[in-house]
1. If Rh is defined by the Kirkwood formula over all Cα pairs and Rg also comes from Cα, what ratio Rg/Rh do you get for region B:141-211?
2. Out of B:ALA57, B:GLY133, B:PHE107, whose Cα points farthest toward the positive end of the dipole of chain B (charges: +1 Lys, Arg; -1 Asp, Glu; placed on Cβ)?
3. Say each of B:ARG116 and B:THR77 gets a label point 7 Å from the Cα, pointing the same way as Cα to Cβ; how far apart are those two points in nm?
4. For a quick check: sort B:CYS157, A:CYS60 by the number of other beta carbons within 10 angstrom, fewest at the front.
5. Among DSSP beta bridges lying fully in the protein assembly as shown, give the percent that are antiparallel, nearest 5.
6. Quickly estimate the mean residue ellipticity at 222 nm for chain B, helices only: each DSSP H run with n ≥ 4 gives -39500 (n - 2.57), and the total goes over all residues, rounded to 500.
7. Among B:ILE181, B:LEU217, B:MET94, whose Cα projects farthest towards the positive end of the dipole of chain B, with charges put on the beta-carbon of Lys, Arg (+1) and Asp, Glu (-1)?
8. Modelled label-to-label distance, B:ALA228 and B:GLU260, 7 Å Cα→beta-carbon offset: nm?
Amino acid sequence: MAEQNTTNIARQGVSHEELCERMQEIEHIFGAISDSADSHIKTTCPYRDAAQRCTAKFECRFVARNGPHKGRCGWDGSDDYQLGWFPPQPAMEKRI
Amino acid sequence: MASGSLIPTGSLRMAKLEDISNDFLREEVETFVTREDERENLIARYTAATPKMQAIAAGVVSARHHDVDAMTADALTTGTSALDVMDHGLIAGMALVGIKFRDMKIFVPEVLACARAMKAGMKHIEPILVASGIAPTGKVIMGTVKGDLHDIGKNLCIMMLRGAAFQVIDLGVDTSPDDFIEAVEEHGANIVGMSALLTTTMPNMAKTIEAFIDADLRDDVQFMVGGAPVTQIFADEMGADGYGDNAVECVDLAKKLSDENG
Ligand code: B12
Ligand code: SF4
């Protein structure tokens, strides 16, 4: 397949410059996506999809484990979503 | 960059939304693209595309990587030009994905899935890029180091690297020095990217570099490192060849190292 494609292209006479332009365009799109990701993760859990399902492979405390909403993200946006990712901190008094 | 248009303005002809023959794409543009300049550009792009190219774009937007894989292969072998496949299929689809993500209509999981679909198509373009002397710019082995399970940042870097035509071999998380060595030997890669998010696992980056020295392979590869607690100073101390603070820097760094490799 690879060889076939290359022959095809040679026949089409696609120029180096034209391909470079396309690669720059792709980089531009992915660069913007990376910027968006950096800003979104400050307010939205990166594991939450558009249908509010949790896609994390670890057991977040916010995820619904049973019932009709099983697998759904239960984070309500009030606290930091990362609180669900770690076991609850032992209370201070208990440690003293 | 986020506030700028995701679609470069070009000499695209004026067209109307109704002219987009692919129902899915037409609805997507109508529903999700609100900025006038972006809407005009996408409409022009999609109306200039054949139904086959529109189907590829739709496949990227709906993250159907098997379909994009098959459709791209078919288009290239039946005479569609690589530029056409990129302009009116893969790039056209990914541009819409970027807009939807920026406007929070889709989220990280969907974007990663769409990027995977685009990658499935780009796989067929790679030989063409190679033939034209462009890409792959280099082969990069990426992994989160031993003892560390954090991979969101690494995955974003990989997505960016692939977007920039690098061939990336993803070793996942908890990657031992031996795993890195094996991967380099197996794939003949010249760049190794290591990610660490824990202060306790950062030393494993240095240990990996030491393992390459012991195996007499240090001169064959260049190391780039990153992850929230990693700094330029730490990178220098461990003898890495470069440090990147984010996914964009990761690509710039990989390009620089790749150029140095010749
Ligand atoms: C998500 C997360 C988790 C998830 C990870 C899931 C996953 N699949 O990744 C889970 C819940 C599993 C987890 C577990 C743990 N975590 Co954690 N986790 C985080 C958290 C909240 C976010 C990390 C993240 O994804 N950031 C977003 C991405 C986009 O950023 P990034 O990774 O930095 O990547 C960017 C750049 O650094 C760069 N980059 C990254 N890699 C590379 C590589 C190269 C080559 C280059 C050039 C650039 C580059 O580009 C990326 C994109 O811009 C951080 C806190 C934080 N705010 O950083 C804690 C954090 C890293 N975790 C922490 C801890 C302690 C743990 C646990 C030990 C908790 C516990 N008690 O069990 C475990 C350890 C598990 C293990 N063995 O790894 C601590 C680390 C403290 C320290 N100083 O070491 C942190 C800082 C939280 C805290 N404040 O205490 N964690
Ligand atoms: S359940 Fe937890 S990990 Fe999953 S999406 Fe919600 S906050 Fe994120």
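Each value in this text was obtained by applying a stated rule to the coordinates, not by laboratory testing. Just so it is clear, the structure is predicted and the values come from calculations on it, not from any experiment. Cβ: placed from backbone, ideal geometry, glycine included. Neighbour counts: every protein chain shown.
1. 0.95
2. B:ALA57
3. Once both label points are built, they end up 2.4 nm from each other.
4. Least crowded to most crowded, the residues run A:CYS60, B:CYS157.
5. 15
6. Result for chain B, helices only: -17000 deg cm²/dmol.
7. B:MET94
8. Distance between the two pseudo-spin positions: 2.8 nm.
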